[in-house]
Amino acid sequence: MKRVWKRVIAVGMAAMLVCGCGAGGGEQTASLGEQSPVKAEQAKETAEGSSEEAAVDTQYPEYLNLDSFRPIVKDGEEVTLRVLTMRESIANSDINENWFVKFIEEKLNINLEIEEVNESTYEERRNLMLASNDLPDIILNMHLSANDMVNYGMDGQQFLPMSDYISEKLTPNLYKIITENEMAKAENTAPDGKMYTIPNISASFPGWGDTLGTQRVFIDKRYMEAAGIEKAPETLDEFIEMLREFKALDPASMGVDEIWPMVSTWGNDKEFLQNAFGWVISDVGDMTTPAWDVETKEMVIPCSQEKYGDYVTLLNTLYSERLIHPDFFTIDKTAARALYAEGAVPVLCDAAPYLSIPERFDEFIAATPASSKWCVNGVTRKTPSYSLGTVCISADTEYPEVCMRLLDYLYSDEGSVYRLYGCAEGSEDSMGIIEGFSLDEDGKLIFADVASGKYESDFDYWVNAVELSAGGNGPGDEGKMKLYSQKLAGVEKPEYPKLDLTNPDDHYRSICYEAHQGHLVDGLPSMYLEAEQAARYTDLKTVIKNYVNTETAKFVVGQRSLDELSDFFDELKNMGIEEYIEICKDVYADYAGPQ
């Protein structure tokens, strides 16, 4: 992982060099980029100016308000930004009518033209956007990768180098956050030393952020009681046996036509099983991507290892015994959650039980990460305290400073709250669209529109009444959101809230927290590949991944005999798997493993 750790040093030194320079008694603006975003004519004016203060003033458009966020664009001026955003599957509102969109337009004085996509269409839209180079001003939550930052940012110059615009003057919140979070900054910094995206910062306290693993596997206690199972299985063998006992139950006794012991919405079942084999994988389900092997303590490509044959054999067993759904490889969230709602699935592999069974959310426990002969202590990947690729800005935008100023607002105390929760009850900022939030006698946030029955849950309210980006996964500071929301509701000394087991969201966090302690392992940092290396990596990965996915599916469903697994590994060698592994090893050469 040479490049990742070298970026930490390089970016830190660059920040120190910039912060340490400046002369005279005028106001100084420290920037993380190599130079400030100054247009040619403004640069000339700056060079001829007689003071540092004059230089600062001419860096930014006259219509931009740098004294506060209200408004960002000065009154009487008009700026329109095109925004592409991904929304949750439960979204059913017109996003243009959501409260935060209206707030941005009316209070921050920025017009928005929004295009929304969902989880089933975002990938096609993203690929079309990048191929045609027809980018909106701001791209939110489109799951862009480190390689995307290299290909479309560093090399393709389609993304704005955002670090050139991060400064104490223009983006004070962002400047402070990323100078205090070196690893988050490094994770979001390309090999050229620039940031083409910025991280979402997670809160970290019991049940939140990096106190949880990424496994999301929940067991229905009704089925456990019916099968006479008193506690969650601890080993992989015990887990599989539990699925068999669930399958053996009489469906009619459980009020369903057929029982499907384990069903997933987005590869969560695969992650659980892969972890049991000792693989900690960031890209769930992709067995051709680099993973950390907790037993051998090295970076590996799972599909190339001998134990991958055992993994495929296990999947074949689960499939042939109907312990997993016939559409194991293709089932989508809607279909999976419909089965959950019917009560036909004892083991839900979803973000949280309440998303499909809100009335029974507390009737589930979280599965314990399973140990096995391949993994002595069960593991789950620790949720990173920061993320990659939550937002990008088009390099061709007419309003880079406005885009950056708006994003910086999302990292402010108020913006971190407003982007997901909305405003406090009684605030003029409600604009008659939402009722706002308050605190109950136990200090718990209560959303009036949920309490009144207008929305089924807090999550429903966030998605369909407030937010601009799916699940609050866009840029922002979750820690500030948790603390400042209390202050807005009248608490003098806010503290991180304790988990409330009567709250659906808190409940799932609590059971995950309990199940994951002692099993958390850091995953590999993101891969940043140089252009030539990336091209070869992509060529090899495309062929290898297609082959692995196709042949694995054949093995699992019985279209190809498991006796041919040795042929499978031989064919991978012929496709260049060894060269592919060497490329990945080079990227992570200096990585010493999880802390």
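Every residue in the stretch 474-524 that is modelled with pLDDT of 95 or more, in contact with a Lys or Arg (Cβ under 8 Å, 6 or more places away or on another chain) and of a type in the set (Asp, Glu), please.
None - no residue of the stretch 474-524 is modelled with pLDDT of 95 or more, in contact with a Lys or Arg (Cβ under 8 Å, 6 or more places away or on another chain) and of a type in the set (Asp, Glu), so the list stays empty.
Please pick out the residue among 205, 246 that is more than 26 Å from residue 505 (Cβ to Cβ), in contact with a Phe, Trp or Tyr (Cβ under 7 Å, 6 or more places away or on another chain) and in contact (Cβ under 8 Å) with a residue 60 or more places away in the chain.
So the residue among 205, 246 that is more than 26 Å from residue 505 (Cβ to Cβ), in contact with a Phe, Trp or Tyr (Cβ under 7 Å, 6 or more places away or on another chain) and in contact (Cβ under 8 Å) with a residue 60 or more places away in the chain is 246.
Within the stretch 441-456, take every residue that is without any contact (Cβ under 8 Å) to a residue 40 or more places away in the chain and small (Gly, Ala, Ser) and give me the one that is surrounded by the fewest Cβ atoms within 10 Å (Cβ to Cβ).
The qualifying residue surrounded by the fewest Cβ atoms within 10 Å (Cβ to Cβ) is 453.
State yes or no: is residue 288 farther than 30 Å from residue 225 by Cα, surrounded by 20 or more Cβ atoms within 10 Å (Cβ to Cβ) and either of a type in the set (Phe, Trp, Tyr) or touching a helix residue (DSSP H, G or I) at 6+ places or on another chain (Cβ under 8 Å) (or both)?
When the stated conditions are applied, residue 288 passes them.
In this structure, does residue 501 turn out to be under 25 Å from residue 210 (Cβ atoms) and either out of contact with any helix residue (DSSP H, G or I) (no Cβ under 7 Å at 6 or more places or on another chain) or without any contact (Cβ under 8 Å) to a residue 40 or more places away in the chain (or both)?
no
Within the stretch 181-195, restricting attention to residues that are in a loop (DSSP other than H, G, I, E, B) and of a type in the set (A, V, I, L, M), which residue is surrounded by the most Cβ atoms within 10 Å (Cβ to Cβ)?
Across the stretch 181-195, the extreme among qualifying residues is 195.
Taking interchain pairs and intrachain pairs at least six residues apart, which have beta carbon atoms under 7 angstrom, with the first residue in the stretch 275-304 and within 18 Å of residue 548 (Cα to Cα) and in contact (Cβ under 8 Å) with a residue 12 or more places away in the chain and the second outside any loop (DSSP other than H, G, I, E, B) and small (Gly, Ala, Ser)?
Qualifying pairs under 7 Å: 277/372; 279/291; 281/291; 300/291; 302/291.
Return only the number of the condition from (1) under 26 Å from residue 375 (Cα atoms); (2) buried (at least 17 other Cβ atoms within 10 Å of the Cβ); (3) aliphatic (A, V, I, L, M); (4) touching a Phe, Trp or Tyr at 6+ places or on another chain (Cβ under 9 Å) that residue 515 does not satisfy.
(4)
Looking at the stretch 344-367, can you tell me whether even one residue there is outside any loop (DSSP other than H, G, I, E, B) and in contact with a Gly (Cβ under 6 Å, 6 or more places away or on another chain)?
no
Mind telling me which of the residues 487, 498, 480 ends up being crowded, with 18+ Cβ neighbours inside 10 Å and either of a type outside the set (Asp, Glu) or not assigned by TED's automatic domain parsing to the domain that holds residue 98 (or both)?
480
Inside the stretch 223-247, can you point out the residues that are surrounded by fewer than 16 Cβ atoms within 10 Å (Cβ to Cβ) and outside any helix (DSSP H, G or I)?
228, 230, 231, 234, listed by residue number.
Check 293, 250, 257 and return the single one that is surrounded by fewer than 23 Cβ atoms within 10 Å (Cβ to Cβ) and either closer than 30 Å to residue 564 by Cα or among the aromatic types (Phe, Trp, Tyr) (or both).
Of the residues listed, the single one that is surrounded by fewer than 23 Cβ atoms within 10 Å (Cβ to Cβ) and either closer than 30 Å to residue 564 by Cα or among the aromatic types (Phe, Trp, Tyr) (or both) is 293.
Identify, by number, the condition in (1) touching a strand residue (DSSP E or B) at 6+ places or on another chain (Cβ under 8 Å); (2) surrounded by fewer than 20 Cβ atoms within 10 Å (Cβ to Cβ) that residue 533 doesn't meet.
It is condition (1) that residue 533 fails.
Any residue in the stretch 552-573 that is farther than 16 Å from residue 304 by Cα sitting within a Cβ distance under 7 Å of a residue that is of a type in the set (Asp, Glu)? List the pairs, counting only those 6 or more apart or interchain.
Within 7 Å, the pairs are 560/551.
The values are calculated or read from the model by the stated rules, or taken from the named source; none is laboratory data. Just so it is clear, the model here is predicted, and its values are computed rather than measured. As a convention, Cβ positions derive from the backbone with ideal geometry for all residues, glycine included, and neighbour counts pool all protein chains shown.
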